[in-house]
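Here the structure comes first, spelled out in structure tokens, and everything after it is commentary.
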Amino acid sequence: MKKILNNIPFSVTLKYTQLAQEMQSKGIDVIRLTAGEPDFETPREVSLSAKKAIDDGFTKYTPASGIPELRKGIANLLKEKYSLHYDPAQIVVTNGGKQALYQAIYAITNPGDEIIVFTPDWVSYVPQIEMCDCKAVFVETDAEENFQPDVEKITEKITERTRGIIINSPNNPTGTVYSKKILEEIADLAIEKDIWVISDEIYANLVYEGTHVSFGSLGKAFDKTITINGFSKSHAMTGWRCGYVAAPIPIAKEIGKMQSHLTSNINSITQKAALKALTVDTSYMKEAFEKRRKIVSDALDDLGINYCHPAGAFYFFMDFEWVKEAYPTDDDLTMDLIQNYGLAMVPGSAFHKPWFMRLSYASSEEELQKAMGILKDFKQKH
Ligand SMILES: Cc1ncc(COP(=O)(O)O)c(C=O)c1O
């Protein structure tokens, strides 16, 4: 067996989601704020276009990097929405942003290379880096700085084995949107040190304050940028598995080649659905998320629970240090909240930031109101 797989943990997010689901199936009331998944239906016209693709017999292999019209459509979207100037040949359509990320890491590294990851970090970056036989090098971001990265700290961690930095703005788990100034500093650093920047922009569509600044649009380090995005979060299409990578031609070609051997192509029907999704306005989802964000922030302010200011995505990353004395670990805290209070969230240790808790507000207003009531009760007891 491949040794590295022994060290890779099962997804903590999934662990708590499944526990809450099991309890729900036994009729126990649990509010599930664990998942990074919009609670909206996939837009109807998207689903209908998939049905049409089946009826039309669009059910065979496609070009490995995706059907030309979808790659073109994505290139147009990136230009219009995020000022990114990619040619369709630079786009590879993948099985979700996840596969795009893995293939990007694989393409730029050799065994033993290093990739810089900012903590708190999304749960799949480190396993993916390790599955490429590489090492994740952590750079901490601080709650006091609202988890904005510090370029000096990044510089200190760069070695001759560093091949890239993963940035994720808007961020999971913190909801932080990186400032343009910091993105520019990272771009200068990437040029100076000749390293890649993998910019995971899966939540780009969900920025509530100001507009999303796509790393590649800064121009400076465009030739060293690999942009990752997809339809899961922007179009409530998590199950369809459609993401993409946009990169300089040599990288896009290698990724396309790799994909031709791994999966041949992504599902043909999904590609037609994604093509339709490019024409569908999902601003109603963003408006709903924004309303929910306010419900949660108002309640947390009232309760005096500190959190990172979430200008994007759909998470609150809350400081639970105040309850540290009452539990051995934040996993125990999470279990207590689920089993005895009926509220499921993800502990900060899953993101290398123990004693924080991640709450996903991709849930109904009613559920969020109930969850805030539970937190009030919990706060009173501690
Ligand atoms: C930060 C981040 N990047 C990438 C992804 C990948 O999403 P998908 O593979 O569904 O496109 C997720 C999903 O949770 C995420 O939170």
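Rounded to whole Å, the principal axis extents of the Cα atoms in region 1-150 read 49, 47, 42, largest first. Enter the angle in degrees (range 0 to 90, nearest 10) between the Cα long axis of helix 268-277 and the first principal axis of the Cα atoms of the chain, meaning the one along which they spread out most. Roughly 70 degrees, rounded to the nearest 10.
In a fully extended conformation the segment linking D150 and Q18 would gain 43.9 nm over its present Cα-Cα distance, using 0.36 nm per residue. Applying 0.36 nm per residue to the separation of K81 and F40 and subtracting their alpha-carbon distance, the gain on full extension is 12.5 nm.
Given a Förster distance of 56 Å, report the FRET efficiency between I249 and K294 from their Cβ-Cβ distance, rounded to the nearest 0.05. The partial results should precede the final answer.
Numbers: r = 44 Å, r/R0 = 0.78.
Working from the Cβ atoms, E equals 0.80.
With R₀ set to 22 Å, the beta-carbon distance separating E69 from L262 gives a calculated FRET efficiency near 0.45.
For region 237-382, dividing the convex hull volume of the Cα atoms by the residue count gives 169 Å³ per residue. Round to the nearest 10 and give me the degree value, 0 to 90, for the angle of helix 12-25's Cα axis relative to the longest principal axis of the chain. With rounding to tens, the tilt is 60 degrees.
Multiplying the residue separation of E366 and D331 by 0.36 nm and removing their Cα-Cα distance gives an extension gain of 10.0 nm.
Can you classify region 126-175 as rounded, prolate or oblate using the Cα gyration tensor, where a ≥ b ≥ c are the square roots of its eigenvalues, rounded means a/c under 1.5, and otherwise it's prolate if a/b beats b/c and oblate if not?
Working: a/c = 2.62, a/b = 1.38, b/c = 1.90.
Cα axes put region 126-175 in the oblate bin.
Of the residues D301, D56, D188, the one that moves most in a GNM of the chain with alpha-carbon contacts below 10 Å is D56. Once both labels are positioned 7 Å from their Cα atoms along Cα-to-Cβ, the gap between L48 and M1 label points is 4.9 nm.
Holding the Cα-Cα limit at 27 Å, pick out from K26/K286; K15/K324; K181/K276; K72/K220; K81/K353 the pairs that are longer than that. Show your work: numbers first, answer last.
Numbers: K26/K286 33 Å; K15/K324 22 Å; K181/K276 35 Å; K72/K220 24 Å; K81/K353 33 Å.
Violating the 27 Å limit, Cα to Cα: K26/K286; K181/K276; K81/K353.
So which residue, out of R71, R161, R293, gets the largest mean-square fluctuation from a GNM of the chain using Cα contacts under 10 Å as springs? Of the options given, R161 has the highest mean-square fluctuation.
DSSP beta bridges confined to region 61-277 are antiparallel in about 30 percent of cases. Between T263, T176, T227, which gets the highest mean-square fluctuation from a Gaussian network model of the chain, Cα cutoff 10 Å? Evaluated over the chain, the most mobile residue of the options is T263.
Cross-link reach is defined here as a Cα-Cα straight distance under 14 Å, omitting same-chain residues fewer than 8 places apart; for K135 the aspartates and glutamates meeting it are D113, E114, E160. Report summary: the helix-based calculation at 222 nm, which adds -39500 (n - 2.57) for every DSSP H run with n ≥ 4 and divides by the residues of the chain, gives -12500 deg cm²/dmol. The mean sequence separation of alpha-carbon pairs under 8 Å and at least six residues apart, normalised by the residue count of the chain, gives a relative contact order of 24 percent. The shape of region 61-277 can be summarised by an equivalent ellipsoid whose semi-axes, obtained from the alpha carbon gyration tensor, come to 26, 19, 16 Å from longest to shortest. Of all DSSP bridge pairs formed entirely within the chain, close to 45 percent run antiparallel. Using the Stokes-Einstein relation with a Kirkwood hydrodynamic radius computed over Cα pairs, the translational diffusion coefficient of region 215-311 at 37 °C and a viscosity of 0.692 mPa s comes to 196 µm²/s. With 20 Å bins beginning at zero, the pair-distance distribution over Cα atoms of the chain amounts to 28, 58, 13, 0 %. With the charge dipole of region 61-277 set up from +1 on Lys and Arg Cβ and -1 on Asp and Glu Cβ about the Cα centre, the Cα lying farthest toward the positive end among the listed residues S65, A190, N168 is that of S65.
Here, each number is a calculation from the coordinates, and none is a lab measurement. Computed from a predicted structure; not experimentally measured. Glycine also receives a Cβ, built like all others from the backbone with ideal geometry; neighbour counts cover every protein chain displayed.
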